[in-house]
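K.L.:
Sharing a structure with you now.
The numbers here are math on the coordinates, done by the rules we state, and not lab data. Model, not experiment: these values are computed from the prediction. Positions of Cβ are generated from backbone atoms using ideal geometry, with glycine treated the same way; all protein chains shown enter the neighbour counts.
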Amino acid sequence: MVVIRYLLLISLVVLYSANSHVYAKKISNKSFTIVIDPGHGGHDPGAIYQKIREKDVVLNLAIRLGRYINQEMPDVKIVFTRKTDVFIPLHERAEKAIASKADLFLSLHANSCPTPSVSGTETFVLGMHKTEENLDVAKKENSVILIEDDYSTRYEGFDPNSSESYIMFDLVQEEYFDQSVTMAALVQNNFKNHAKRNDRGVKQAGFLVLRQTSMPSILVEAGYLSNEAEAQYLNSEKGQTELAKSICDAVKSYKTSYETKNDFELKSIVNEETKEDRSNEGQHAPPAETSKPEIKTELQKTAPIVEKARPKEVYYSIQLAVTHTKLELKPYNFRGLDSVYMIENNGVYKYYYAREQSFEAILKRKEEAKQHYNDAFIAAFCEGKQISVDEARALQQR
Ligand SMILES: [Zn+2]
C-alpha cells in the first residue's frame, strides 16, 4: 500500500511538472517587457530645489535602473519613454507603453511640498485619493498637460487643477489594480529595508499617465526635493544606486511572481509583511538580506507542488465596477442588472455579475453586461482567488 501511494504521488508530481512545463513554455514565448518613464523633461523641469531639478534626477535614476535590470535580468525588454532631456506629453508616454505591449509601467518622479521637513518615498497606483495630500500630488504631476498643445481636446476637458475633475477616478475600471498594488508594495518595502528611506506607503490617486496605460502601472515618488537632505541624497551616487537597486529588486520579485503565476500568494505575503512592519514601528528594521528568502519560503509553503496537482474549481464572472464606498447590491445601483455580488479587498469594493464555470457561458453573460457597462470584462477565479483568464482556461484544459 505504501508503495502504491508513493507511486501515485510520483505520478501526480510528474503530471504536474509536465503540465507546468508546457504552460511555462507558453508564457516564455513573449519576453517580459518593462516601460521606464522618467517624468518631465525639456522645458518642463518638474520640481526644483536650488540647482537640483526633478527631470534630471529621475532621468539619471531611470538610466541606472535600466542598466541594473539589464545586468540582473538580461531577458527583460526595456523601453524608455525618454533617454534624453526632452519634453514628452503624458499621452505619448502611455501610447508608447501600449504599443510595446508592456507587462509593467514604471513612472519615476520626485516630490516637493511647502513644508521642508517632510521627507520619504511613496508609490502610487491609479485610484481615488483618500486624502487631500494625495490629491495634491496628482494635481501637481497632471498639471504638466497645461503646457501641452491642445490639452483640452486631448484630455476631454480634464482640468488638472480642479478637484471635481478627479471624481471620475472613483469609478475607474482598473483591471490591473491588484498587480499594481503588489508592485508598489514591493518597491516601498525595498526603499524602506534596503535604502532605509522613510516609508510613506502605497497610495492611490488620479494620475493621467497611469489612467491611459493598459497594464500594471505605478508612479514612484522617490523622495522630496523640498527637503534639503533628501534632495542631496537623490542627487548623490549613493542615493541613485540604492534607489535604482531597490526598484530593480522589486522588478525581479514581481517578474518571478508573474512567471510562476503566484501573484495572489505574493500579494498576501506583502500585505502580511506590511502589517508586521507597522507593529514593529520604532524598532530596528529587519536586515535587508532576510526579506527575500522569506518571500521564497512563504511561496513554497503556500504553493506545494502536490497540492496543485488536484483539479481546482475554476469559474468566471463579469467585473462591472470598482468603488471606494460600499454600494448596496440592488439592481438600481447597477443599471438594472441583478445577480451582482461584491468582493471587498483593502477598502476597495469590486462588483461582479453572474458566475459561470464554462467560458462559452460567460461570453454570453458578458454581452448582457456590456449593454449596461461598456467597460465590463471577464474575471476568472480559482478556489476563490482571482487569476488571469488565460490561466483559468489552461487549468480547465488539463
Ligand atoms: Zn513629477
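K.L.:
Take the cross-link list K140/K203; K350/K370; K101/K139; K330/K350 and give me the ones stretching past 22 Å between alpha-carbons.
P.N.:
K101/K139
K.L.:
Within 10 Å, count the other beta carbons around each residue, average over each peptide in 379-388, 36-45, and list them highest first.
P.N.:
Output ranking for 379-388, 36-45: 36-45, 379-388.
K.L.:
If packing is taken as the average number of other Cβ atoms within 10 Å across a peptide's residues, how do 84-91, 245-252 rank, most packed first?
P.N.:
Going from most to least packed, we get 245-252, 84-91.
K.L.:
So, in Å, what gap is there between the alpha-carbon centers of segment 130-157 and segment 167-238?
P.N.:
Here the answer is 17 Å between Cα centres.
K.L.:
Next up: Using 16 Å as the cut-off for backbone N distance, which residues of segment 209-233 belong to the label zone defined by a point 7 Å from the Cα of E156 along Cα→Cβ?
P.N.:
Those under the cut-off are 209-214.
K.L.:
May I pose another question? I need the peptides 195-202, 336-343 ranked by packing, meaning the mean over residues of other C-beta atoms within 10 angstrom, with the highest value on top.
P.N.:
Going by the mean number of other Cβ atoms within 10 Å, highest first, we get 195-202, 336-343.
K.L.:
Could I ask something else about it? Using the Karplus curve 6.51 cos²θ - 1.76 cosθ + 1.60 with θ = phi - 60°, what ³J(HN,Hα) values do you get for each residue of segment 72-85, in whole Hz, with x for Gly and Pro?
P.N.:
7, 9, x, 7, 7, 8, 10, 10, 9, 6, 7, 10, 9, 7
K.L.:
Another question about this same structure. What is the distance, in nm, between label points placed 7 Å from the Cα along the Cα-to-Cβ direction at H324 and at E383?
P.N.:
Here the modelled spin labels are 3.4 nm apart.
K.L.:
Could you work out how far apart the two model spin labels at E313 and K238 are, taking each label as a point 7 Å from the Cα in the direction of the beta carbon, and quote it in nm?
P.N.:
Using points 7 Å along Cα→Cβ, the separation is 5.6 nm.
K.L.:
Using 0.36 nm times the number of residues separating A361 and N333, minus their current alpha carbon distance, what extension gain do you get?
P.N.:
7.6 nm
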